[in-house]
1. Just to be sure I understand the filter: pairs with C-beta atoms under 7 Å, separated by 6 or more residues or on different chains, first member in the stretch 193-212 and within 13 Å of the ligand (Cβ to nearest atom), second member open to solvent by 20 Å² or more (accessible area, probe 1.4 Å) and at pLDDT below 95. Which pairs pass?
2. Residues in the stretch 216-238 that are open to solvent by less than 20 Å² (accessible area, probe 1.4 Å) and either part of a loop (DSSP other than H, G, I, E, B) or among the hydroxyl-bearing types (Ser, Thr, Tyr) (or both): how many?
3. What pairs come up if the first residue lies in the stretch 49-64 and is without any contact (Cβ under 8 Å) to a residue 60 or more places away in the chain, the second is open to solvent by 40 Å² or more (accessible area, probe 1.4 Å) and near the ligand (Cβ under 10 Å from one of its atoms), and their beta carbons are under 7 Å apart, counting only those six or more places apart or on different chains?
4. Which number in (1) in contact with a Ser or Thr (Cβ under 8 Å, 6 or more places away or on another chain); (2) away from the ligand (no atom under 15 Å from the Cβ); (3) small (Gly, Ala, Ser) marks the one condition that GLY51 misses?
5. So GLN207 ticks every box in (1) touching a helix residue (DSSP H, G or I) at 6+ places or on another chain (Cβ under 9 Å); (2) surrounded by 17 or more Cβ atoms within 10 Å (Cβ to Cβ) but one. Which box is left unticked?
6. If you scan the stretch 134-154, which residues turn out to be free of Cβ contacts under 8 Å to residues at least 60 places away in the same chain and open to solvent by less than 10 Å² (accessible area, probe 1.4 Å)?
7. When the stretch 55-86 is examined, which residues are found to be open to solvent by less than 50 Å² (accessible area, probe 1.4 Å) and assigned to a helix (DSSP H, G or I)?
8. Of the residues in the stretch 146-168, how many are away from the ligand (no atom under 11 Å from the Cβ) and in contact with a Cys (Cβ under 8 Å, 6 or more places away or on another chain)?
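The values are calculated or read from the model by the stated rules, or taken from the named source; none is laboratory data. Model, not experiment: these values are computed from the prediction. Glycine gets a Cβ as well: all are built from the backbone with ideal geometry, and neighbour counts include every protein chain shown. What goes into the accessible areas is simple: the full protein's heavy atoms, side chains included, and nothing from ligands, DNA or RNA. Shrake-Rupley method; radii C 1.70, N 1.55, O 1.52, S 1.80 Å.
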Amino acid sequence: MEIIEWIGMIVVIYFGYLLVMECKVIVSGISNVQQIYGKGCWALVTGGTDGIGKGFCQEFAKQGVNVCIVARNKQKAENLVKELKKINDKPQYKIVVADFQKCLQENFFQNIYSEIKDLDIGLLINNVGVLTVGEFHKTSDIDQQNQIIINCIPVVFMTKYLLPMMKKRQRSGVINLSSLTGRFAYPYYQVYSATKAFNDYFTRSLQIEVENVDILSFRPGFVQTAMVKNQTDPLTVSTQQCVKAALLQLGNKDATAGHVKHQIQTFLLSLAEGKFMDTISPIFVKYLYKQKH
Ligand SMILES: NC(=O)c1ccc[n+]([C@@H]2O[C@H](COP(=O)([O-])OP(=O)(O)OC[C@H]3O[C@@H](n4cnc5c(N)ncnc54)[C@H](OP(=O)(O)O)[C@@H]3O)[C@@H](O)[C@H]2O)c1
């Protein structure tokens with residue numbers, strides 16, 4: 001076979017695989033959390049009051065999983081619990097108020113831990129994150145500082161505090177929110193992209209180290225949330241699509257972009273990685289950035 005035929009065959013197999021995975025999502029619906037991680041278990045979601053985190057809470061409520069929301073805005077969290085109870089009033093819901101911007105303060109994580117240590121936590125979703133976008137030298141110092149703190153510190157310490165109890169369970173899962181922008185260099189999102197690469201490398205290293213806990217580095221592309229001004233275009237997916245794809249991949253993979261659309265974007269970008277990518281990506285992202293700002 002010619003080299004071009006080999007390449008063609010690999011591309012067809014890859015897309016075939018993605019198609020099968022997507023069909024699996026459609027056919028199987030969604031992984032049953034309680035079946036996999038234990039009946040009556042809790043799912044803890046950081047930054048659960050909006051966007052992808054809220055999507056996780058809604059999915060857990062639908063499945064009857066107990067949900068613990070760690071959020072900075074008590075009122076918003078209470079409103080969400082009312083919403084979740086309308087979806088399903090059988091599970092228990094707990095709110096822990098914590099502003100991760102202050103997570104460098106003494107005893108910050110110990111205080112969260114003391115409120116959750118008696119819950120049987122089967123799933124940890126390290127979701128909280130913020131985005132500062134713009135020409136690097138024009139961005140605010142405080143925004144950049146907060147972005148590094150909020151995107152990097154909670155994932156490390158929430159995992160560090162919860163892992164011992166999760167390891168004692170028969171099976172547990174951790175999903176850490178990285179991003180497509182953590183997989184590829186991303187102009188205008190420079191510091192964000194670096195924090196998401198931090199999330200990805202931290203998660204994948206831990207995944208190799210830790211046994212009997214499913215640990216997933218979740219690297220979606222653009223999801224329709226406030227973080228990206230709720231943009232809806234063919235490249236984006238809804239929070240529901242995003243969350244379902246993540247839960248389906250947990251325990252099957254150590255890293256994923258999740259939804260098939262984002263897997264294809266990742267694949268195409270990886271083909272263009274290197275010099276070509278370095279040349280086209282600033283032009284492409286600059287164009288997108290100018291469209292939106
Ligand atoms: N949207 C995307 O395209 C995309 C793509 C890839 C990865 N991600 C990652 O997915 C995660 C969630 O993003 P999203 O798009 O869902 O963001 P979002 O819609 O802006 O929601 C962020 C959530 O984090 C909470 N939060 C922010 N700062 C906080 C703080 N200091 N303390 C406590 N909670 C705080 C927010 O609380 P409030 O409700 O109080 O504001 C909100 O619940 C992030 O880690 C992000 O990097 C997003």
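1. Listed pairs, sorted by first residue: SER193/ALA185; SER193/TYR186; ASP200/ARG183.
2. 5
3. Hits for this filter: THR49/ASN73; THR49/LYS76.
4. Only one criterion is unmet by GLY51, namely (2).
5. Looking at each condition in turn, GLN207 falls short on (1).
6. Of the residues in the stretch 134-154, the ones free of Cβ contacts under 8 Å to residues at least 60 places away in the same chain are 135-153.
Correct list: GLN147, ASN151.
7. Taking the stretch 55-86 as the starting set, the residues that turn out to be open to solvent by less than 50 Å² (accessible area, probe 1.4 Å) are 55-61, 63-71, 77, 80-81, 84.
Scanning the stretch 55-86 gives GLY55, PHE56, CYS57, GLN58, GLU59, PHE60, ALA61, GLN63, ALA77, LEU80, VAL81, LEU84.
8. Let us first name the residues in the stretch 146-168 that are away from the ligand (no atom under 11 Å from the Cβ), namely 148, 156-168.
Subsequent filtering for residues that are in contact with a Cys (Cβ under 8 Å, 6 or more places away or on another chain) retains 157.
Here the count works out to 1.
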